[in-house]
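Report on the following structure.
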């Protein structure tokens, strides 16, 4: 081994040292200016060594470990570590290994390890080749975008590109273009939702770079109105009902600013919960009669639902009407009368009526009719009244209206003159009856038995009565109108009744039950 020591001595000495190094198979890796700087500032020890192992040679030169950085050469196969003790990274080669001190540290910021030149760096989307740019990961309405990318740095070596939607691209060239139109590709429009477009470059050797991706969110479906109230065609008697509407949108969502509610042409105030899609409006914009409402809804990207238009009728006023007994006559001899009814309602119309002989209660509800036959008055001689309330289709009920008539009964009175009463052990009952007017016919019934045929008999009897409660009814009738048979107005409208109990009457005083009573006397 031969070692040569070099000191700073100018250009000629530098050149001489370099020539000596080259003669032994080494190469100068640095420009002349850098070599001069190195030669002037630092002592240089060139170690010339050659180890022969067959046809393999290893030469080491410029061994100085200071600073840091890397160096490379396109002309030499080499490994250069600049400031190995500090910089660390190196490039490999089979011929030369060079270690430069502070000079290498100065070069470290300029030189770097090369990246994969097939990796794509730029990918974006547009509405069409000359249209607007589509932002990634943002809802928009374009479902046939154009994806555009820039070729990798090693363009001449690229054979083409592989792309895929919602999956990883395969190592097969799909296109040699740097763009893809979804419409022109024949894949059809993108469905609503989130999609990922990925593309990678493939070179002539079949090697693929890392894929680059673009996430696009598509929303082309307008929001849906799930349910709403009041229902279309509803008839309400509430003066200010609440409006509620439930709106749903699976993608971009609905905002309050994209919802409008009108009563006729008048905008209405409303609350809208963007999280739940619930719209509510209360107590405004309602008029007596038919109300027309309109709801307009769009989602955040402008997809618009057809306006919802529906009508609701408000009826808060009850009907008005009158009732007349027997066409306005002042007197009747029958408890059955005919009622003439007249009623009207300005909005929904009259639907039902309530009839009664007492103003405070006892009404019978029936469908509204202009005439009601065979209405039965209270079977009491004297002034009798009939009360009527009218109800419209919305359920509003009017105050009662009434008419009066004098009732002069032609039918006789009925009296029970004898029969069982209270509690009796006798299981046979005998009852007698009469009418003050005389020459009457009678019909009677024990308990729940049907009425007997009309007969002039003034007594009735029943044997083998069961123990328990019993009652007896009897009514008198008298021919007064000349028509054959007994007519309803010829019989007593208020039959006479008698009740009793068949059994043993309990003792008046009951003896107490329980233990014997003990008495003590205190002395």
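Every read-out reported here was derived from the displayed coordinates using simple, explicitly stated rules and does not represent laboratory data. Source: prediction; values computed, not measured. For neighbour counting, all protein chains shown are included, and Cβ atoms are generated from backbone atoms with ideal geometry for every residue, glycine included.
Structure notes:
- In this structure, residue 413 and residue 320 have a Cβ-Cβ separation that, at R0 = 41 Å, corresponds to a calculated FRET efficiency of about 0.50.
- Distance between the 7 Å Cα→Cβ label points at residue 210 and residue 464: 11.1 nm.
- Take the Cβ atoms of residue 445 and residue 352, set R0 to 56 Å, and the FRET efficiency comes out at 0.95.
- Only Cα pairs under 8 Å and 6+ residues apart enter the sum, and on that basis the relative contact order of region 415-502 stands at 35 percent.
- For a paramagnetic label modelled on residue 255 (point 7 Å from Cα along Cα→Cβ), amide N atoms under 16 Å away belong, within region 289-329, to 297-304.
- Solvent-free Debye calculation, one equal scatterer per alpha-carbon of region 375-500: log10 I(q)/I(0) at 0.10, 0.15, 0.20 Å⁻¹ equals -0.46, -0.78, -1.07.
- Rounded to the nearest 0.05, the FRET efficiency derived from the C-beta distance between residue 150 and residue 304 at R0 = 45 Å is 0.75.
- Zero-based 5 Å bins, Cα pair distances in region 320-407, whole percents: 3, 15, 28, 24, 16, 8, 4, 1, 0
- Projected label distance in nm at residue 138 and residue 432, using a 7 Å step from Cα toward the beta-carbon: 11.1
- The length gained on full extension between residue 292 and residue 183, counted as 0.36 nm times the residue separation minus their Cα-Cα distance, comes to 34.9 nm.
- Under 20 Å from the residue 124 label point (7 Å along Cα→beta-carbon), backbone N, region 172-194: 177-183
- Between residue 234 and residue 167, the simple label model (points 7 Å from Cα in the Cβ direction) yields a spacing of 5.1 nm.
- Rg over Rh [alpha-carbon atoms, Kirkwood Rh] for region 201-334: 1.46
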